Amino acid sequence: MRATGRPPNIVFLLVDCLRSRSVFRGSTARRLKAIGTLVAEGASFPETVATATVTTPSMGSLFTGTLPHTHGIRGLNEGKLDPELATIAEILRDHGYHTHAEATGPVVPQFGFDRGFASFHHRDADDENVYTSYWDRLELRLKSLMAESPWFLYLHLFELHEFAVVPRAFNRRRFGNTSYERALVALDNTRLSRLLEIIGPETLVILTADHGELVPRFHLPVRIGERVGRQLGIPSIRRYFEDRHGHGNHVTEDLVLVPLILRGPGVPRGLRVDASVRHVDVFPTVLELAGVDDPRASQGVGENLAPFFLGRGRARPGYSEALDSRLGYPRPIRIAVRQNGWKYAETLDGSAHWLWRLPDERRDVSAMHPSVADRMRALLGRFRPADALARDEAAALTVSEQAEVETHLRGLGYID
């Protein structure tokens, strides 16, 4: 489905912490106007597997089509993009695109995320959100970008992240039962609707998330329990409550499954694909839809999604990592592979493993299905080779970069 004629303008829309089931299931999904329009006018993939359950390694995969042990970003403050790999912005720039990024959160230049962007604007998530004057300035920058052609915009929205930003008009039960749901409906009904109005129907839109989110029904008691466990120095209490909100702490479905919606030239209307696809598939697909013929498009393990547009796509096994977003409380890294209704997970240090028959993620059934566990363990090894740990240590931030990143993460609340 390679684009012909004039290359399409592209918006890569990343909604931080947007989980798949909030977009495609339940009452919240029915309240989404802008996202509902994208679903109706494009192709949606509800079973998209995020590479990691924290932002920076997931963004590395989305920007390069490679897995963390290849692209080099190993956590919120560890590693940076391998300079030998091309980012999607670099490739599009080299093929005549005007590139601009509106980044936020931990997506900062120290990791290499600014590579390929002619302009890279990072907003302070603490002081600015899309309901402040930032949005007016964004619209001006977007209109300036649209004067060029073709153009590529990466827009990262942080309003669902803890604690979610809910405008007063949307802080009512009819917009959702939790602050997360209300924040999503508000973001969709206001700023996303306005964005679609500005860019028009012929712009190629890619909407996805870096990872999902665990959303407790009552947020405050969970945060109090976590704080009590920290202050008393009782790891079991702290871990119990930490595992019930936020992200980065496991590889369960609410954290791993993210939405992926494509709309624009070359994309069929109203197509829903329930087969499993992956973050790493986005990179080659966008380049295909942009009409870009470049050997770097195949630098990673990602596969173009265009066969699904023709009814010939097949489900793809997905790999995910949990690197723990709470930097002050280290725990074993968890890695997982998901295929054909099964998920196998293990800790990187070998201290534990699980086999789940989805959607049940409470009961480990590895003893009941040893052959399946062996098969899934072998599949996991194909994604995570034996020398991956050595590669993890190859790309490191400099001392000054590390200090800058940690200062930034402390401002976001990731570091106490």
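The values are calculated or read from the model by the stated rules, or taken from the named source; none is laboratory data. Quick caveat, the model's predicted, so the values are computed rather than measured. Cβ atoms come from the backbone with ideal geometry, glycine included; neighbour counts cover every protein chain shown. Accessible surface is based on the protein model in full, side chains and every heavy atom, while ligands, DNA and RNA are left aside. Shrake-Rupley method; radii C 1.70, N 1.55, O 1.52, S 1.80 Å.
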Next item on the list: Examine region 164-177 for a residue that is polar (S, T, N, Q) and in a loop (DSSP other than H, G, I, E, B), and state whether such a residue exists.
Entry: yes
Checklist line | Every residue from region 261-279 that is surrounded by fewer than 24 Cβ atoms within 10 Å (Cβ to Cβ), touching a helix residue (DSSP H, G or I) at 6+ places or on another chain (Cβ under 6 Å) and within 20 Å of P317 (Cβ to Cβ) | finding: V273
Margin query: Being open to solvent by 30 Å² or more (accessible area, probe 1.4 Å) and modelled with pLDDT under 95 is the filter here; which residues of region 176-201 pass it?
Written below: N177, S179, E181, R182, P201
Check: Looking at A297, is it closer than 22 Å to V23 by Cα and either of a type outside the set (D, E, K, R) or part of a helix (DSSP H, G or I) (or both)?
Finding: no
Check: For region 280-291, which residues satisfy the criterion of being open to solvent by 10 Å² or more (accessible area, probe 1.4 Å) and part of a loop (DSSP other than H, G, I, E, B)?
Finding: G291
Note to self: Within region 138-175, take every residue that is more than 30 Å from T99 (Cβ to Cβ) and aliphatic (A, V, I, L, M) and give me the one that is surrounded by the fewest Cβ atoms within 10 Å (Cβ to Cβ).
What the structure shows: A169
Next item on the list: Kindly list, by first and then second residue, each pair from a residue in region 40-57 that is open to solvent by less than 10 Å² (accessible area, probe 1.4 Å) to a residue that is among the charged types (D, E, K, R), limited to pairs with Cβ atoms under 6 Å and residues at least 6 apart or on different chains.
Entry: G42/R263; S44/R272; V49/R278; V49/R338; A52/E321; T55/D210
Item checked: Residue in region 83-105 that is in contact (Cβ under 8 Å) with a residue 12 or more places away in the chain, open to solvent by 10 Å² or more (accessible area, probe 1.4 Å) and basic (K, R) present -> yes
Notebook entry, point to check: If you check V251 against the conditions, is it aliphatic (A, V, I, L, M), modelled with pLDDT under 95, within 21 Å of T66 (Cα to Cα) and part of a loop (DSSP other than H, G, I, E, B)?
Noted result: yes
Next item on the list: Out of the residues in region 363-384 that are open to solvent by 70 Å² or more (accessible area, probe 1.4 Å) and in contact with a strand residue (DSSP E or B) (Cβ under 8 Å, 6 or more places away or on another chain), state the one that is farthest from G318 (Cα to Cα).
Entry: R363
